[in-house]
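Asks: Dumping the structure here so I can ask a few things about it.
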Amino acid sequence: MSKSSGWNKSLSLVLYVLSFFLLWEWLRPVEQLTDTSFVFYFVLFAGLSLGLHFLGVNWKLSGIVKILFIFIVLQRLYFDVSFLEVSTWLPAFAVSIWESLILTVQQDWNAVSNVYRSLLFFVLLWLTAYLLHYWIAVRKQLFLFYVFTVFYVALLDTFSPYDGQYSIIRIILIGFVLMGLLTLQRLLDQERLSQSSHQIQKWIIPLVIMVAFSSVAAYAAPKAEPIWPDPVPFIQSFSDGSGSGSGVNRLGYGVDDSSLGGSFIGDDTKVFDVVTEDSQYWRIEMKDVYTGKGWENSASITGEGPGFGLEEEVPFRLSRINEESEEVTAALDISLEYNHLVYPYHPVRLESGDADEFIYDLANEKITSFSGEEETGLESYEWTYKEPQYSLTALRETTDLGDLEGTGEMDQYLQLPDELPERVSELAEEITADHDNWYDKANAVESYFSQNAFTYDQSDIPVPGEGEDYVDQFLFETQRGYCDNFSTSMVVLLRSVDIPARWVKGYTGGEVVGQTDDGLNEYEVTNNNAHSWVEVYFPSLGWVPFEPTIGFTNNVSVDYDLTTDTEENDQEETPVPEEEENEETPAPIQDEEVTDEETADENGSPAASFWQRVQTALSENIGIVIVSGAANLLLGILLYRMRFRWLPRLLILYYTVKKDDETFTKAYMSLLKQLHRFGLKRNEDQTLRAYAKEVDRFFNTKEMSHLTSQYERILYRKEGQQEKWQDMRELWENLIKRTTG
């Protein structure tokens, strides 16, 4: 074989190999997005088909090999007998194919057999492999197939859960090299040039350098923001956006919650911007009837509620608040116009908005805007409201419905389906058994998920089947889900112990994107902030929000009924304790005493005998020692890299068990160190109070300021720590958990 022929064969082999990898990109999403299993066999068949074309095998022999491969695979996958027992499986195979052909003619696609589906897929791969061979060997052009591959992966990445980021990178690299080599081969054929190694190198080396340089430059270069908005939310805006039921949905507010479950993918479409002082939850509606599959509204309350206009007092209250508390404003600029309003807890009045009247619906507590008699969406409006704050004493004094007991007024918020499994109620009793008031019981249920093996996730979330309960499935089987799973489960658990609760929908506070000249924060709220949470009824206070979803914290402020006279400390800088945190560590375990008779060697030296045995053991097990050392080293590196995950939980466990007169101050110093490890470093000249405000701004809470205020009281006034630690431990744990992100 001549050198030119050898180069031609090598170049052809490279083309076929690259084409195989390009075809493989079509098969990668199949297993993830469909019920198709054993994709390995289809990849192997694609490689076999292209290999036979490259070797130039006669089409008759090639066809026999492919048919034999298909029959072997189908028999192995769908028939539990040996391949040689042809008389057993072949008639069943023929009957299955014939029946499926009839169903195909009748267009009953769902009823065809899996054997038939697999056979059709093999035939499709057969034809695709032949087309690739034709484009490579005859036309020497593959641009059309390359473009279709890019569109295929891009569409799946946009409209399905498949992540095509790395697939696109592979396609670009493979496609550019492939089309460059095909261009070279086409030029050599057209000009009838000999394919010498020197000529091919002059073409291939610049091609590889260009592709490599372009890829690295594209990866390293700064990325511009998208010129056009995401088309998916635009398309979805023409639908009702229910987002419920099975399948994969995009995050966002929806109206139909009758069938919860299924996976979600993110959607960063902006819903509104809001300028206000602090982050908070934005309420839309509540639902009170749990069906076992989802939520509906009670039929006992129908009709529109009271109406109100601009600058009029809002004619409803979710709970009782301190009327003397300061009023704040929130100006909203709406991007996705709905005919309902989002509103803060404790709204006082609506200051502006392009509508004539606003109606408060008693059935779901949704506020709808009207122009004349037509529902209308608003482009902007401004709320005046008071921040929610509740008395800890009043919360913990609640043990029953009081005057409402026996009136039936709260029955709709205690409703549970008759088919609810008993183990749900048993779990609720177990969680709340150690508490004697509603607030502590609600806190116990709220904390149950984060203290056990529950995981927040939006992908691969099952939908309960017929006869399955949504809450029961989450609590005892999957223990994986998103806000709907956690919030619904908390409501059901509370109702199981006769505590009125309901399910609420709206948006979380959003992300800070700027600050106004007068010091107000600007938050951007997107569809990713759509959320559900829980409200619990306390007769003396009204409806109080709770947040059971792992990784979320609402803006509820609890007044711990402590005096906060700190005027004497306002003018002086809080000193930072110089001593290092003195955490107790367990004493090392001492080795058992070794007697002289056990370790003495021939010369009567116990130490010498001990080290001889150690050396002997090492020499005999050197391989195990090396592997164990490497494994321990890797484990140590892994634990160090993941210290942000396990160290906070270790601190929580340590200070849960530890109880002494200095627990609060030690826990506070541990929190400072953990925040430093997390990246929130405190300047040397920064007071603790200023640092606490910086931490609260970062996490959008007021928890660090509460802790710091109590720490200063202990430091200056020498007050007892045990009682304050009991009240402050929840805030401390919340901040510690935030540092795991």
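Asks: On a full-extension model of 0.36 nm per residue, what is the gain between VAL17 and LEU101, subtracting their alpha-carbon distance, rounded to one decimal in nm?
Replies: 26.7 nm
Asks: Shifting gears a bit: Under a crude label model (7 Å from the Cα following the beta-carbon direction), how far is VAL138 from ASN683 in nanometres?
Replies: In this crude label model, VAL138 to ASN683 measures out at 7.5 nm.
Asks: Which length gain, in nm to one decimal place, applies between LYS737 and ASP157 when the Cα-Cα distance is subtracted from 0.36 nm times their residue separation?
Replies: Full-extension gain reported as 205.5 nm.
Asks: What FRET efficiency, computed as 1/(1 + (r/R0)^6) with R0 = 41 Å and r the Cβ-Cβ distance, is obtained for ASP460 and TRP59, rounded to the nearest 0.05?
Replies: Working from the Cβ atoms, E equals 0.40.
Asks: Can you sort TYR390, TYR654, TYR166 by 1.4 Å-probe accessible area, starting with the largest?
Replies: Listed by decreasing accessible area, they come as TYR166, TYR654, TYR390.
Asks: Please give the net charge around TYR413, taking every other residue with its beta carbon less than 13 angstrom from that of TYR413, where Lys and Arg add +1 and Asp and Glu add -1.
Replies: -3
Asks: For a quick check of understanding: with a 1.4 angstrom probe and all protein chains in place, what accessible area in square angstrom does HIS676 have, to the nearest ten?
Replies: HIS676 has an accessible surface of roughly 100 Å² with all protein chains in place.
Asks: Sticking with this one: Quote to one decimal, in nm, the extra length available between ASP559 and GLU374 on full extension: 0.36 nm per residue of separation minus the C-alpha distance between them.
Replies: 62.3 nm
Asks: Can you tell me the FRET efficiency between SER113 and GLU426 if r is taken as the Cβ-Cβ distance and R0 is 35 Å, rounded to the nearest 0.05?
Replies: 0.20
Asks: For region 43-114, what is the accessible area per residue in Å², given a 1.4 Å probe and the full set of protein chains?
Replies: 63 Å²
Asks: At a 1.4 Å probe, what is the % contribution of carbon and sulfur to the accessible area of region 1-99?
Replies: Carbon and sulfur atoms account for 68 percent of the accessible area of region 1-99.
Asks: Let me ask something else. Which net charge results for the neighbourhood of HIS340, defined as the other residues with beta-carbon distances under 12 angstrom from its beta-carbon, given Lys and Arg at +1 and Asp and Glu at -1?
Replies: Summing Lys/Arg as +1 and Asp/Glu as -1 gives -2.
Asks: What accessible area per residue, rounded to a whole number of Å², is obtained for region 441-534 using a probe radius of 1.4 Å?
Replies: 34 Å²
Asks: Apply 1/(1 + (r/R0)^6) to the Cβ-Cβ distance of ILE550 and ILE169, taking R0 = 41 Å, and write down the FRET efficiency to the nearest 0.05.
Replies: Approximately 0.80, to the nearest 0.05.
Asks: 7 Å from Cα along Cα→Cβ at both ALA212 and VAL81: what's the point-to-point distance in nm?
Replies: 5.7 nm
Asks: Carbon and sulfur together cover what percent of the accessible area of region 408-507 at a 1.4 Å probe radius?
Replies: C and S atoms contribute 38 percent here.
Asks: Can you sort ILE169, ILE334 by solvent-accessible area, 1.4 Å probe, largest first?
Replies: ILE169, ILE334
Asks: Holding the Cα-Cα limit at 20 Å, pick out from LYS9/LYS66; LYS673/LYS693; LYS441/LYS693; LYS673/LYS737; LYS702/LYS737; LYS293/LYS441 the pairs that are longer than that.
Replies: Over 20 Å Cα-Cα: LYS9/LYS66; LYS441/LYS693; LYS293/LYS441.
Asks: Now a separate question. Once the whole set of protein chains is in place, how much accessible area is left on SER709, using a 1.4 Å probe, in Å² to the nearest 10?
Replies: 30 Å²
Asks: Follow-up. Over the heavy atoms of ARG117, what accessible area does a 1.4 Å probe trace out, to the nearest 10 Å²?
Replies: That residue has around 100 Å² of solvent-accessible surface.
Asks: Which order do GLU373, GLU733, GLU468, GLU662 take by accessible area at a 1.4 Å probe, largest first?
Replies: GLU373, GLU662, GLU468, GLU733
Asks: What is the distance, in nm, between label points placed 7 Å from the Cα along the Cα-to-Cβ direction at LYS693 and at ASN437?
Replies: Spacing of the two 7 Å Cα→Cβ label points: 3.2 nm.
The values are calculated or read from the model by the stated rules, or taken from the named source; none is laboratory data. What you see is a predicted model; the values in this text were computed from it and never measured. Cβ coordinates were reconstructed from backbone atoms using ideal geometry, including for glycine residues, and neighbour counts include every protein chain displayed. Keep in mind that these areas ignore ligands, DNA and RNA; they rest on the heavy atoms of the full protein, side chains included. Shrake-Rupley method; radii C 1.70, N 1.55, O 1.52, S 1.80 Å.
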